[in-house]
Amino acid sequence: MQAETYYHIYNHANESENLFKSTENYRFFLQQWAKYIEPVAETYAYCLMPNHFHALIRVYSDLEIANNLSLTNKDLTGFKNLSGLISKQFSNLFNSYTKAVNKQLDRQGSLFNRPFKSKEITNNDYLTKVIHYLSVRKAGIHHNPIHHRFCKQYDDWPHSSYQAMISDAPTKLQRKEVIEWFGSTAAFKSFHQENIIYPDQIKLE
């Protein structure tokens, strides 16, 4: 991954396992996300599902990453291992979460698929699509709970960034930028509500 670049990040549990089995699991994952990912990237949207997750991030500049991680060499311009450094942060996230779940459930072994997926976002149109809806085959970040039949309204799923986006409460998410992409909070809500596609309505040709 490259500095100052947007990415759609996603990963899935191994085979038929679930990543999250309780509300505490969801909370702890976000806590570890803040610990390991926030120093290297800012988060614009996310959705945690029982067996997978999605997130939209923007990697910080080389200097910001160096400062946030208290690295001795502050000039990371052209740093050949920058992508490896970011990948290591994600690895630390997954490992720390897995260790906690393994201890909680008295299980062993890995929990996440390897490697995790990251797709570079190269245009503004894709930024809004990845937040809401991509295609009949692929749900955008906020649409995942509806796509997978866990709920029928965005407000009904507590483990995504949707509610934070329509709220005035403090958040570490880049809410202002996301709302500006849609035009306003009202437009953000309206766009989501007017473009709900339920699984039963999809007709593949």
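The values are calculated or read from the model by the stated rules, or taken from the named source; none is laboratory data. Small disclaimer: the values here were computed from a predicted structure and weren't measured. Methodologically, a virtual Cβ is constructed for each residue, glycine included, from the backbone with ideal geometry; neighbour enumeration extends over all protein chains shown.
Among residues of the range 18-33 being over 16 Å from Asn95 (Cβ atoms) and not charged (D, E, K, R), the one that is surrounded by the most Cβ atoms within 10 Å (Cβ to Cβ) is Phe20. Annotation note: Cβ proximity below 6 Å between a residue of the range 47-63 that is in contact (Cβ under 8 Å) with a residue 12 or more places away in the chain and a residue that is among the aromatic types (Phe, Trp, Tyr) and in a strand (DSSP E or B) (sequence gap 6+ or interchain) occurs for His54/Tyr10; Ala55/Tyr46; Leu56/Tyr44; Ile57/Tyr7; Arg58/Tyr6.
Across the range 148-205, which residue is modelled with the lowest pLDDT among those that are surrounded by fewer than 16 Cβ atoms within 10 Å (Cβ to Cβ) and among the hydroxyl-bearing types (Ser, Thr, Tyr)? Taking the candidates together, the pick is Tyr198.
Being assigned to a loop (DSSP other than H, G, I, E, B) and farther than 26 Å from His159 by Cβ is a condition met by at least one residue of the range 41-64. Within the range 162-190, residues that are without any contact (Cβ under 8 Å) to a residue 12 or more places away in the chain reach partners that are surrounded by fewer than 16 Cβ atoms within 10 Å (Cβ to Cβ) and in a helix (DSSP H, G or I) with beta carbons closer than 8 Å, at six or more positions or on different chains, in the pairs Gln163/Asp155.
The residues listed here are Asn123, Asn113; of these, the one that is polar (S, T, N, Q) and farther than 24 Å from Glu38 by Cβ is Asn123.
Report whether or not Asp106 is charged (D, E, K, R), over 28 Å from His147 (Cβ atoms) and surrounded by 15 or more Cβ atoms within 10 Å (Cβ to Cβ). Criteria not met by Asp106.
Within the range 52-70, restricting attention to residues that are out of contact with any Phe, Trp or Tyr (no Cβ under 8 Å at 6 or more places or on another chain) and not charged (D, E, K, R), the residue that is farthest from Phe182 (Cα to Cα) is Ser70.
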